[in-house]
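Remarks on the structure that follows.
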Amino acid sequence: VEETLVLVKPDGVARNLTGEILRRIEAKGYSLVDVRMLQADRDLLAKHYAEHEGKPFYEPLVEFMESGPIVALRVAGNRVIEGFRSLAGATDPTTAAPGTIRGDLARDWGLKVQQNLVHGSDSPESAQRELALWFD
Ligand code: ATP
């Protein structure tokens with residue numbers, strides 16, 4: 001069975017939306033395999049976001065992600081990688097479709113980084129790499 005890494009980012013935890021996000025994942029039919037709450041350090045975040053190094057939002061993104069606790073979820077189900085990204089909605093919460101996590105629950109706060117509540121792996125290779133980073 002396919003697995004993906006979902007992160008409830010610091011904005012999601014701070015806004016007490018962890019339960020609502022987990023509810024949507026479970027209501028869709030996916031299974032929670034493992035869960036972990038942690039404060040991510042720079043080393044972990046640098047590895048997680050290696051592909052974004054050098055982009056203008058990289059530093060604000062890392063600062064945001066280390067600003068508070070994160071809930072990491074190992075989620076399983078057929079085509080869960082694609083399915084969770086569909087549940088999450090577009091990266092930009094302003095234009096993310098209503099009905100999605102970001103479309104319903106997030107907005108633009110005028111910051112340098114888009115605070116969009118969740119992360120989901122974008123391919124089987126990323127999922128494997130990211131699950132190893134956050135759960136080993
Ligand atoms: P998607 O792949 O659907 O875009 P994602 O969460 O995987 O969603 P990435 O492109 O991997 O998005 O970017 C990682 C994170 O960096 C985003 O979730 C968002 O918080 C932030 N981000 C991405 N692009 C921008 C941007 N142009 N301006 C500000 N923050 C951004």
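The values are calculated or read from the model by the stated rules, or taken from the named source; none is laboratory data. Everything numeric in this text was worked out from a predicted model, so none of it was measured. Using ideal geometry, Cβ is built from the backbone for each residue, glycine included, and neighbour counts are taken over all protein chains shown.
Only one of (1) within 16 Å of the ligand (Cβ to nearest atom); (2) part of a strand (DSSP E or B) is not met by Leu32, so which one is it?
Leu32 satisfies every listed condition except (1).
What pairs come out if I take residues in the stretch 120-132 that are closer than 21 Å to Arg24 by Cα and pair them with residues that are of a type in the set (Phe, Trp, Tyr) and part of a helix (DSSP H, G or I) whose C-beta lies under 6 Å away, six or more apart or interchain?
Partner pairs satisfying both residue conditions: Gly120/Phe84.
In the stretch 70-89, which residue that is assigned to a loop (DSSP other than H, G, I, E, B) and either surrounded by fewer than 15 Cβ atoms within 10 Å (Cβ to Cβ) or of a type in the set (Phe, Trp, Tyr) (or both) is farthest from the ligand (Cβ to nearest atom)?
Asn78
Tell me which residues, restricted to the stretch 122-136, are within 18 Å of Asp41 (Cα to Cα) and either crowded, with 21+ Cβ neighbours inside 10 Å or at pLDDT 95 or above (or both).
Arg129, Glu130, Leu131, Ala132, Leu133, Trp134, Phe135
Restricting to the stretch 15-25, name every residue that is surrounded by fewer than 12 Cβ atoms within 10 Å (Cβ to Cβ) and under 27 Å from Asn78 (Cα atoms).
Across the stretch 15-25, the qualifying residues are Gly19, Arg23.
From the set of residues in the stretch 40-69 that are touching a residue at least 40 places away in the same chain (Cβ under 8 Å) and closer than 18 Å to Ser126 by Cβ, which is nearest to the ligand (Cβ to nearest atom)?
Result: Leu61.
Can you find, within the stretch 96-121, the residue that is nearest to Glu51 (Cα to Cα) among those that are near the ligand (Cβ under 9 Å from one of its atoms) and exposed (fewer than 15 other Cβ atoms within 10 Å of the Cβ)?
Step by step, filter the stretch 96-121, then rank; the result is Lys112.
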